[in-house]
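Engineer: Dropping a structure here in structure tokens format, bear with me for questions.
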Amino acid sequence: MDRRRLLSATFLSLLALCFISETEPASFKMVNKCRRTVWPGLLSGANSPPLPTTGFELKSGKSRTITIPKSWSGRIWARTLCTHHQNQTFSCVTGDCGSQKLECAGGGAAPPATLAEFTLNGAGGLDFYDVSLVDGYNLPMLVVPKGGRGGGCGATGCLVDLNGACPAELKVAREGRGGSVACKSACEAFGDPRYCCSEAYATPDTCFPSVYSLFFKHVCPRAYSYAYDDKTSTYTCGSADYVIIFCPAPYTSQKLLGSRKDGAALPLVNKTTMYIASRHPNGASASGVLQRHFTACAASILTAIFLFWPLIFPL
């Protein structure tokens, strides 16, 4: 009888430990390294538990840590150039979630916006995460897992400023101020199913990278550039906490490249082309393009055209 009781107690203890492990929340630390204030937004996926906040102000140089339920899925992004209006409403030039308030309250980011996407405790108990430029780009972002067990646990993101080098047909300018504050996706700019991976192009066999998605992919090789860019853009880690950095400096992340667990040769930054950021009166980063070298392949040539477009035809 004592043996049965001991086995029962052991079983119940293990069951309790498993339950605690399954429901243990994750810590998401958001860090603003931009020169200006940003306003992070958070959107939960269907059937995900609620979050303690869906939007807040984050001043330059500050950070805030949010407790995220372990079964959560959703998106995180940064709204920029936001204003509290006299009629008590709130709006942002990029990434606005349409709530007219500081909290997004279930509203998603209006494109273009750089997105960090998460599914926690998914298949095999792993977290799946990525940084996506499929809905366009508004600022650099880096996602770094901490203390994870299992999976590759690699850092991912887009570390460079694409706004200054954005092709003219994709540029988003701040009204009355000039300059580029965001870069649209080709899908949003043209509505063409070939760029949107929709209608007859809604499968991986029919939708391929375009010259516009290659513009993003060339400089940010780990970020999603179009809908079926899974192989080089989705990362996994088990039971990790995450640091999400807005406007990370491109080469402050060399340590991450040396310590990552995924063993992937794919760099965080394509070093053939880098952007030199400088202050710009509208609060966005204006960029010059420094050419180091380009390969002879056609994709790189097309990408180079887009990267040098602002220098050939300056605003």
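The values are calculated or read from the model by the stated rules, or taken from the named source; none is laboratory data. The structure displayed is predicted, hence computed values, not measured ones. Please note: Cβ atoms are built from the backbone with ideal geometry, for glycine as well, and neighbour counts cover all protein chains shown.
Engineer: For the range 82-104, check the following and say yes or no: at least one residue is within 20 Å of Ser225 (Cα to Cα) and out of contact with any Leu (no Cβ under 8 Å at 6 or more places or on another chain).
Structural biologist: yes
Engineer: Taking the range 129-156 only, how many residues are within 13 Å of Phe216 (Cβ to Cβ) and assigned to a loop (DSSP other than H, G, I, E, B)?
Structural biologist: Matching residues across the range 129-156 total 6.
Conditions (1) touching a residue at least 60 places away in the same chain (Cβ under 8 Å); (2) of a type in the set (D, E, K, R); (3) within 17 Å of Ile245 (Cα to Cα); (4) assigned to a strand (DSSP E or B), marked per residue:
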{"position": "Phe28", "(1), (2), (3), (4)": "yes, no, yes, yes"}
{"position": "Pro40", "(1), (2), (3), (4)": "yes, no, yes, yes"}
{"position": "Leu43", "(1), (2), (3), (4)": "yes, no, no, yes"}
{"position": "Asn47", "(1), (2), (3), (4)": "no, no, no, no"}
{"position": "Pro50", "(1), (2), (3), (4)": "no, no, no, no"}
{"position": "Thr53", "(1), (2), (3), (4)": "no, no, no, no"}
{"position": "Cys82", "(1), (2), (3), (4)": "no, no, no, yes"}
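For (1) farther than 20 Å from Arg36 by Cα; (2) within 17 Å of the chain's Cα centre (by Cα); (3) without any contact (Cβ under 8 Å) to a residue 12 or more places away in the chain, each residue gets a yes or a no:
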{"residue": "Glu57", "(1), (2), (3)": "no, no, no"}
{"residue": "Pro69", "(1), (2), (3)": "yes, no, no"}
{"residue": "Ile76", "(1), (2), (3)": "no, yes, no"}
{"residue": "His85", "(1), (2), (3)": "no, no, yes"}
{"residue": "Cys97", "(1), (2), (3)": "no, yes, no"}
{"residue": "Leu102", "(1), (2), (3)": "no, no, no"}
{"residue": "Leu126", "(1), (2), (3)": "yes, no, no"}
{"residue": "Tyr137", "(1), (2), (3)": "no, yes, no"}
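Engineer: Of everything in the range 63-96, what is of a type in the set (Ser, Thr, Tyr) and either surrounded by 15 or more Cβ atoms within 10 Å (Cβ to Cβ) or within 25 Å of Leu133 (Cβ to Cβ) (or both)? Give them in sequence order.
Structural biologist: Ser63, Ser71, Ser73, Thr80, Ser91, Thr94
Engineer: Additional query: State all residues of the range 25-62 that are among the polar types (S, T, N, Q), more than 13 Å from Gly106 (Cα to Cα) and surrounded by 15 or more Cβ atoms within 10 Å (Cβ to Cβ); if no residue qualifies, say none.
Structural biologist: Matches in the range 25-62: Asn32, Thr37.
Engineer: Considering only the range 166-181, I want to know if a residue exists there that is at pLDDT 90 or above, touching a helix residue (DSSP H, G or I) at 6+ places or on another chain (Cβ under 7 Å) and part of a loop (DSSP other than H, G, I, E, B).
Structural biologist: There is at least one residue in the range 166-181 that is at pLDDT 90 or above, touching a helix residue (DSSP H, G or I) at 6+ places or on another chain (Cβ under 7 Å) and part of a loop (DSSP other than H, G, I, E, B).
Engineer: On to the next question. Looking at the range 173-225 only, could you name the residues that are crowded, with 17+ Cβ neighbours inside 10 Å and hydroxyl-bearing (Ser, Thr, Tyr)?
Structural biologist: Ser180, Ser185, Tyr195, Tyr201, Ser210, Tyr212, Ser213, Tyr224, Ser225
Results for (1) under 20 Å from Ala223 (Cβ atoms); (2) out of contact with any Ser or Thr (no Cβ under 7 Å at 6 or more places or on another chain); (3) in a strand (DSSP E or B), shown as yes or no for each residue.
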residue	(1), (2), (3)
Cys104	no, no, no
Gly108	yes, yes, no
Ala116	yes, yes, yes
Asp127	yes, no, yes
